[in-house]
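Okay, structure first, notes after.
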Amino acid sequence: MFGLELAGLYLAKWAYDNVAPQLARALASPPPPDHPSQVIALVGATCAGKSTLGNRLAGRAAFETGPTHGTTSRTHDATWRGGWVIRDTPGLLDDRSPDPVSVSRTAKVVVYVASGQLLRPELDALRRIREWQRRETGRGARERHAVLFCGKADQRHGAMPRAEAERVEQEVRSQMADLMPSDHVVFGSALNPDCAGVRRLGNLLARLSSA
C-alpha cells in the first residue's frame with residue numbers, strides 16, 4: 001500500500017513539474033492565426049446581387065438567383081480559375097444573419113457587394129471584416145484582401161446626370177480610403193453581360209489570387 005501511495009505522489013509531482021507548465025503556456029498563448037484558403041467570398045446585404053455577380057464571374061449559372069427576398073440561405077461554392085473557389089454567402093444585416101467575420105474567415109479575398117452607396121450598417125460590417133483581416137495578418141497569417149463592388153451602376157448613371165453619378169462614386173471611394181486601395185473599389189452592373197466594371201473586377205481578383 002505504501003508503495004502505491006509513493007508511486008502516486010511521484011506521478012503527481014511529475015505532472016506538476018512537466019504537464020502543468022505546458023498547460024499554463026498553452027492557456028496563456030493566443031490561438032494560432034487563421035490562414036486563408038483559396039476562397040473569394042461574396043459578402044453583403046440581402047438582395048445586393050451577390051449571386052448574380054458570382055454567376056457573372058464564374059461564367060455560368062453556378063448560383064441560384066430569383067425574385068424572392070434572400071434566395072441564398074447557406075453558402076455555396078463554385079470553382080474558378082487556378083483551383084480557386086467563389087463562395088456565395090447568405091445576406092447580412094437581417095434577423096438571424098451570419099456574422100460578417102464568420103462568413104469571411106476562410107477567404108483570402110472578400111468582395112463586399114453593395115447596391116450603391118454604403119449605408120451605415122454596411123459600412124460597419126465591412127469595417128469589422130477589414131479590421132479582423134488586418135489583425136490576422138499582424139499575427140502572422142497570410143495577407144487577406146477586401147474589395148468593394150458597387151453594383152447597379154447602369155441604373156445610377158441612367159437616373160442622374162453623369163456629374164452627379166461621378167460625385168456619388170467619389171464619395172464611396174472617400175468612405176473606403178482607410179479600408180482599401182482606391183483600385184479595390186469597383187463600380188459596375190452584374191446584370192450587364194458586357195460590363196467593363198465586372199471585367200475590371202475579374203482582372204483584379206485574378207491579380208489578388210496570384211499574389
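Only the coordinates and a few stated rules stand behind these numbers; no lab work does. All values reported here derive from a predicted model rather than from experimental measurement. When we count neighbours, we look across all protein chains shown, and the Cβ atoms used for this are built from the backbone with ideal geometry, even at glycine.
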In segment 94-127, the trypsin sites (Lys or Arg not before Pro) that fall in loop regions by DSSP, at most 15 other Cβ within 10 Å: R96
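State, as an integer percentage, the relative contact order of segment 37-210 based on alpha-carbon contacts under 8 Å between residues 6 or more apart. Show your work: numbers first, answer last.
Details: 288 pairs, mean separation 40.4, N = 174.
Here the relative contact order equals 23 percent.
Set the Förster distance to 22 Å, then compute FRET efficiency between T79 and N203 from the Cβ-Cβ distance, nearest 0.05. Spell out each step's value before the answer.
On the way: r = 19 Å, r/R0 = 0.85.
After rounding to 0.05, the efficiency reads 0.75.
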Local electrostatic count at T137 - Lys and Arg +1, Asp and Glu -1, tallied over other residues with Cβ under 9 Å: +3
